1. What number goes with the only condition from (1) more than 18 Å from the chain's Cα centre (by Cα); (2) part of a strand (DSSP E or B) that Asp15 does not pass?
2. Within segment 114-132, is there a residue that is assigned to a helix (DSSP H, G or I) and of a type in the set (Asp, Glu)?
3. Would you check which residues across segment 69-112 are of a type in the set (Asp, Glu) and in contact with a Gly (Cβ under 8 Å, 6 or more places away or on another chain) and list them?
4. Among the residues that make up segment 40-55, is at least one of them at positive phi and touching a strand residue (DSSP E or B) at 6+ places or on another chain (Cβ under 8 Å)?
5. Among the listed residues Ser89, Ser176, which satisfies the condition of being of a type in the set (S, T, N, Q) and over 13 Å from the mean Cα position of the chain (by Cα)?
6. Which residues, counting only those in segment 27-51, are touching a residue at least 40 places away in the same chain (Cβ under 8 Å) and surrounded by fewer than 17 Cβ atoms within 10 Å (Cβ to Cβ)?
7. Among the hydrophobic types (A, V, I, L, M, F, W, C), under 22 Å from His163 (Cα atoms) and surrounded by fewer than 18 Cβ atoms within 10 Å (Cβ to Cβ): which single residue out of Leu139, Leu133, Leu85 fits that description?
8. So, in segment 133-178, of the ones that are modelled with pLDDT of 95 or more and in contact with a Gly (Cβ under 6 Å, 6 or more places away or on another chain), which residue ends up nearest to Glu109 (Cα to Cα)?
Amino acid sequence: MLIAPDIEMRRATVDDAQALADAQVRNIDHLRATEPHREPEFYTAEGQVSRLDAAGSATWVLVDKAADGIVVGRLTLSGIVMGPLCSASLGYWIDGGYAGRGLTTAAVEEMIRICRDELGLHRVEAGTLTDNLASQRVLAKCGFERFGMSPKYLHINGAWRDHFRFALLLHDDPPSHIPK
């Protein structure tokens, strides 16, 4: 799916592992303030494969088709639960050289469509550091509502950091396994 003229969003595969590792290395400084400490293996293709294979999660990549197909962003659904909950948590980041172009908003909008129309989810949650205004703007533009704050939620950049919590209800239909 094209979310911009040269930017494709697609489900990640193990073939993307090296490009994901390269993107993480390229963005270490850009992501430092919002990402947890990562072990050196995380920045390798093998480390990325293990993340792609994690149970209960699914990853999409943003690829710049005009720049030799480099990965310029990542979206991950984690904690995917079906049944009566039909929910997942959304995480995302964009390459520092691509920030401010509306790509993250377009990607989150497409992820919302995928969650609703393809996965049948009812609810998507996301969290941001309390000072991550750019990410909060993305979520607001995409219809997420802030529902709370989790004190010392994640260990980010050397300290336990508070996070605002957001949710988006996608529909009010019953879960697909329950007759309408």
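1. Checking Asp15 against (1) more than 18 Å from the chain's Cα centre (by Cα); (2) part of a strand (DSSP E or B), the one that fails is (2).
2. Yes, segment 114-132 has at least one match.
3. Asp95, the sole residue that qualifies.
4. Checking segment 40-55: not a single residue is at positive phi and touching a strand residue (DSSP E or B) at 6+ places or on another chain (Cβ under 8 Å).
5. Ser176
6. Across segment 27-51, the qualifying residues are Asp29, His30, Arg32, Ala33, Pro36, His37.
7. After ruling out the rest, the residue left standing is Leu133.
8. Leu168
The values are calculated or read from the model by the stated rules, or taken from the named source; none is laboratory data. None of the values given here were measured: they were computed from a predicted structure. Every residue, glycine as well, gets a Cβ built from its backbone with ideal geometry; the counts of neighbours run over all protein chains shown.
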